[in-house]
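Here's the structure, in C-alpha cells; my notes come after.
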Amino acid sequence: MKRINILFAIALIAGFMACNKNDEAPTDDSIEGTYTGTLTASLKSAQGILPGSSNATMVVTKSGEELIQVHCFTDEIDTTFMLNYYEHNDSVMVCLNGEAFTEMYGHMMGQGHMGGGMMGDIGPNQSEWQHHMSDEHQPGDEHFGGFDRMNHSFGYKFDMVDGTSHYSMYFEGTKN
C-alpha cells in the first residue's frame, strides 16, 4: 500500500510540474505597445525619387472603442494622430478618423452605410474590417496600414505635402 501511495505522490508531483511548465513564450496579441523600426521617405523631385530612411518609434495606445492614438517620432519628426482599428483574421487593420477620414473619403464616418445599417449590423462570417469596408468605403479606397499579429509588427504609410512637393513615408516596425 505504501508503494502505491508513493507512486501516486510522484505521479501527482510530476503532473503538477508539467502543468506549470511553459515551454512557449507568452503571446501578446494586443496591438498596444511600442514598435521600433524604420521610417523610409520617397520624395518626388526634379531629380526623381530621393529615398531616405531613419530609425523610428511608434507608441500605440487604445483611446476608446475601436480607436487608437499613435505617437510617431524620429530625429526629424514627432507627430501624434488617431486611427480607427478593426479586427481582420490574424491582422488588425487601421483607417483614418474624424476630419482626416472626411477629407480622404468625402463623407463623415457613419454616413457611408451602403445597406442603410449601422456598425452593429455585422453579418455572419464577416470580420469587423470587412464590415467597415462594406459600410464605409467604395471599391478602390486607399488605406494606409495595419498590424500583423503573427509577426507582432505594424506598418503605416504617411502621405505628406511640403509646399508643392508630395511624398510618402513608410513605417515598418516590430513590437518591443
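The values are calculated or read from the model by the stated rules, or taken from the named source; none is laboratory data. The model shown is predicted, which means the values in this text are computed figures rather than measured ones. Using ideal geometry, Cβ is built from the backbone for each residue, glycine included, and neighbour counts are taken over all protein chains shown. Surface accessibility is based on the protein's heavy atoms, side chains included, excluding ligands, DNA and RNA. Shrake-Rupley method; radii C 1.70, N 1.55, O 1.52, S 1.80 Å.
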(request) Say whether the condition of being under 12 Å from the mean Cα position of the chain (by Cα), closer than 29 Å to Ser54 by Cα and loosely packed, with under 12 Cβ neighbours inside 10 Å is met by at least one residue in the stretch 131-150. (result) yes
(message) Could you go through the stretch 95-117 and let me know if any residue there is in contact with a His (Cβ under 7 Å, 6 or more places away or on another chain), open to solvent by less than 50 Å² (accessible area, probe 1.4 Å), at pLDDT 95 or above and not small (Gly, Ala, Ser).
(response) yes
(request) Name, by its number, the condition in (1) more than 21 Å from Thr36 (Cα to Cα); (2) among the small types (Gly, Ala, Ser); (3) at pLDDT below 90 that does not hold for Ser127. (result) (3)
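Name the single residue that is farthest from Phe158 (Cα to Cα) among those in the stretch 68-80 being open to solvent by less than 40 Å² (accessible area, probe 1.4 Å) and at pLDDT 95 or above.
As a first pass, look at the stretch 68-80 and keep what is open to solvent by less than 40 Å² (accessible area, probe 1.4 Å): 68, 70, 72, 74.
Next, from what is left, pick out any that are at pLDDT 95 or above: 68, 70, 72.
On the way: Ile68: 16, Val70: 12, Cys72: 11 Å.
That would be Ile68.
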(message) Residue under question is Asp159, and the condition is that it be part of a strand (DSSP E or B) and open to solvent by 50 Å² or more (accessible area, probe 1.4 Å); does it hold?
(response) yes
(request) Just give me the residues in the stretch 18-39 being at pLDDT below 70, in a loop (DSSP other than H, G, I, E, B) and of a type outside the set (Lys, Arg), in sequence order. (result) Asn22, Asp23, Glu24, Ala25, Pro26, Thr27, Asp28
